[in-house]
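> Before we start, here is the structure in question, set down as structure tokens.
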Amino acid sequence: MNTKTVLSKKRILTGLLCFFAVVSLTAQGVAATPEYIKQLTSEWKGERFEDGRPKVSDALLERLKNIQIEEAWGYLRGRGYHNQYDGDWEMLHSGGIMTGRVLTAQYMPLRPDFKELIKQKGGEENRDTIGGSNSWPIEILKSGDVYVADGYGRIIDGTLIGSNLGNAIYANSKNGVIFDGGVRDVAGLLDIKGFHAWYRGADPSYLQEQMLTSINMPIRIGRAIVLPGDVVLANPHGVIFIPAHLVERLVLSSEVVGLRDLFGFQRLREKKYTPGQIDTRWTDEIRADFRDWLNKYPDDKLPTTRKELNDYLNTQKW
């Protein structure tokens, strides 16, 4: 192969690389593509929304409400997920519990040239470019979603919603929000029956000098990393973000822990075993006693089906 041919092939290759780079930049929009979300959540094997996010079942979301933050935290830590929890929140309803499928949004301090690009890209994605871009994530919420936004902790001039947008969020999701930022018009938000919110603080100011930069991309909420399609458990003790592919097993594992606790408390009250025997690895005698106790436990009070429970227990060694 002569030198001229080699140089020609190099020019072609360089041209192709530049072309694909330009295409990639052109294709980059405000929201993540379904293909990218599927790559982010590749371990999920179930049903998905059109935007690519995993569609964890409503039944599992309901069961998750009964799980303690510590149980979920321990399960995730045991599987290498050490950065899924964050605390120190203000809550719209002090005793609220919320679960749902996460839709993410990221906000940053306003920069005019970047804002114009976001507006342009939003128009290409058929988003409403007349109003504020902070309505864009709200417009695509599905029932059971939780709107989770990284507002980098800004409260004054960082109020991501008031009562108008709160009503729109609840109309689309029948759920609530988790904002690493501020909210306004708390009195109006309290009037929205069924709406829940976790946020850093409230302020009467409007959103200023702040801009939406992405939808359904990975974000940071305090000390937690959050991906679109994660499932969130939020209660008075904090918020924890669970990868979709781990939700079912986490719920079942935590439910069994709850049953073990009920059994242990009862046997301690009966003085059948000592605290040391219950708190350490169980003997064959205690395991057999627990299985016998479970067999007599009313089916209608079990958090799951008898078959699912027995199948799980048969895989465990205590």
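> Condition first: in the same structural domain as residue 253 (by TED's automatic domain parsing) and touching a Phe, Trp or Tyr at 6+ places or on another chain (Cβ under 7 Å). Now tell me which residues in the stretch 279-318 satisfy that.
Matches in the stretch 279-318: 281, 282, 286, 287, 290, 293.
> Please state which one of 155, 192, 225, 169 is assigned to a helix (DSSP H, G or I), of a type in the set (Val, Ile, Thr) and either assigned by TED's automatic domain parsing to the domain that holds residue 72 or out of contact with any Lys or Arg (no Cβ under 6 Å at 6 or more places or on another chain) (or both).
Going through 155, 192, 225, 169 in turn, just one is assigned to a helix (DSSP H, G or I), of a type in the set (Val, Ile, Thr) and either assigned by TED's automatic domain parsing to the domain that holds residue 72 or out of contact with any Lys or Arg (no Cβ under 6 Å at 6 or more places or on another chain) (or both): 169.
> State all residues of the stretch 281-303 that are among the polar types (S, T, N, Q) and either within 20 Å of residue 67 (Cα to Cα) or surrounded by fewer than 11 Cβ atoms within 10 Å (Cβ to Cβ) (or both); if no residue qualifies, say none.
295
> Now, a different point. Considering each residue of the stretch 79-93, count those that are among the hydrophobic types (A, V, I, L, M, F, W, C) and part of a strand (DSSP E or B), and give that number.
1
> Considering only residues of the stretch 56-69 that are assigned to a helix (DSSP H, G or I) and in contact (Cβ under 8 Å) with a residue 60 or more places away in the chain, which is surrounded by the fewest Cβ atoms within 10 Å (Cβ to Cβ)?
58
> To continue, here is another question. Suppose we keep only residues that are surrounded by fewer than 23 Cβ atoms within 10 Å (Cβ to Cβ) and not in a loop (DSSP other than H, G, I, E, B) within the stretch 195-205. Which one would you say is farthest from the chain's Cα centre (by Cα)?
Of everything passing the filter in the stretch 195-205, 202 is farthest from the chain's Cα centre (by Cα).
> Ok, one more. Give the stretch 261-278 a look and list any residue that's buried (at least 17 other Cβ atoms within 10 Å of the Cβ) and either assigned by TED's automatic domain parsing to the domain that holds residue 74 or among the charged types (D, E, K, R) (or both), or say none.
Selection gives 267 alone.
> Further question on the same structure: Hey, among the residues in the stretch 128-152 that are assigned to a loop (DSSP other than H, G, I, E, B) and under 20 Å from the mean Cα position of the chain (by Cα), which one's farthest from residue 228 (Cα to Cα)?
So, considering only residues that are assigned to a loop (DSSP other than H, G, I, E, B) and under 20 Å from the mean Cα position of the chain (by Cα), the one farthest from residue 228 (Cα to Cα) is 143.
> Answer yes or no as to whether residue 250 is within 30 Å of residue 84 (Cβ to Cβ), at pLDDT 95 or above and among the aliphatic types (A, V, I, L, M).
So residue 250 fits the description; yes.
The values are calculated or read from the model by the stated rules, or taken from the named source; none is laboratory data. All of these numbers come straight from a predicted model, not from anything done at the bench. For neighbour counting, all protein chains shown are included, and Cβ atoms are generated from backbone atoms with ideal geometry for every residue, glycine included.
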